[in-house]
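Below is one structure, written out as structure tokens; comments come after it.
Rule-based calculations on the coordinates, nothing more; no lab input. Treat the numbers as computed from the prediction; the structure is a model and nothing was measured. Here Cβ is always computed from backbone atoms with ideal geometry, including for glycine, and neighbour counts include all displayed protein chains.
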Amino acid sequence: MDYTELCKTADEARKNSYCVYSGFSVGAALLTPDGRVYTGCNIENAAYPAGICAERTAFCKAISEGEREFRAIAVAGGRIGEAPDDAFPCGVCRQFMNEFVDSDSFEVIIVHRDLSYTTYRFGELLPYSFGSKILKKEL
Ligand code: THU
């Protein structure tokens, strides 16, 4: 699947968003090196912090199916019923993704209103990150 199609898939995933509190629907489409795609949407909750973002939904689906390698994620978010509008992953999602992606090669694709997109290297969005490497250092 090319990135244009991945962006469309992310935007379509917004349809399942449960965003009754914010009215802001987000869809994500996560691509593996083998070409498999896992979608996700945001799922809110009356106890607000219990809600989950689209990106983490997609990663949880993929990881729980046994995936461990990831190439790119497209993110489409905007007010419900409107075009997507440059929604970037939140800080929690960036940290969550950091566990599973390579900073230099993993790409985050941000979907614009006309479904065109801009691509960022993960390391641009989360520089100087805290990750597993430091915990594996000999004490
Ligand atoms: N949201 C996401 O799904 N992904 C992000 O990276 C940013 C925020 C959701 C969470 C909440 O349901 C709504 O957008 C408004 O914050």
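Structure summary
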{"read-out": "Overall form of segment 77-139 per C-alpha gyration tensor (a/c, 1.5; a/b vs b/c)", "value": "prolate"}
{"read-out": "Between 0 and 90°, nearest 10: helix 54-64 axis offset from the chain longest Cα axis", "value": "50"}
{"read-out": "Proximal lysines to residue 15, defined as alpha-carbon separation beneath 20 angstrom and excluding residues fewer than eight positions away on the same chain", "value": "61"}
{"read-out": "Candidate aspartates and glutamates - alpha carbon under 16 Å from residue 136, same-chain residues fewer than 8 apart omitted", "value": "99"}
{"read-out": "For the chain, calculated [θ]222 nm from helices alone, where every DSSP H run of n ≥ 4 adds -39500 (n - 2.57)", "value": "-7000 deg cm²/dmol"}
{"read-out": "Contact order normalised by residue count of the chain, Cα under 8 Å, 6+ apart, percent", "value": "21"}
{"read-out": "Prolate/oblate/rounded call for the chain, Cα gyration tensor, a/c under 1.5 rounded", "value": "prolate"}
{"read-out": "Cα-based helix-to-principal-axis angle, 3-13 vs the chain, degrees rounded to 10", "value": "60"}
{"read-out": "Listed residues 108, 9, 126: farthest to the positive end of the dipole of the chain (Cβ charges)", "value": "126"}
{"read-out": "Residue 72 long-range amide H proximity, modeled H, under 5 Å", "value": "31, 107"}
{"read-out": "Sparse-neighbourhood loop sites, chymotrypsin sites (Phe, Trp or Tyr not before Pro) in segment 19-121 - DSSP loop, at most 11 other Cβ within 10 angstrom", "value": "21"}
{"read-out": "Value of Rg to Rh for segment 33-88 (Rh from inverse mean 1/r over Cα pairs, i.e. Kirkwood)", "value": "1.02"}
{"read-out": "Rounded Å value of the spacing that divides the Cα centres of segment 48-71 and segment 109-139", "value": "15"}
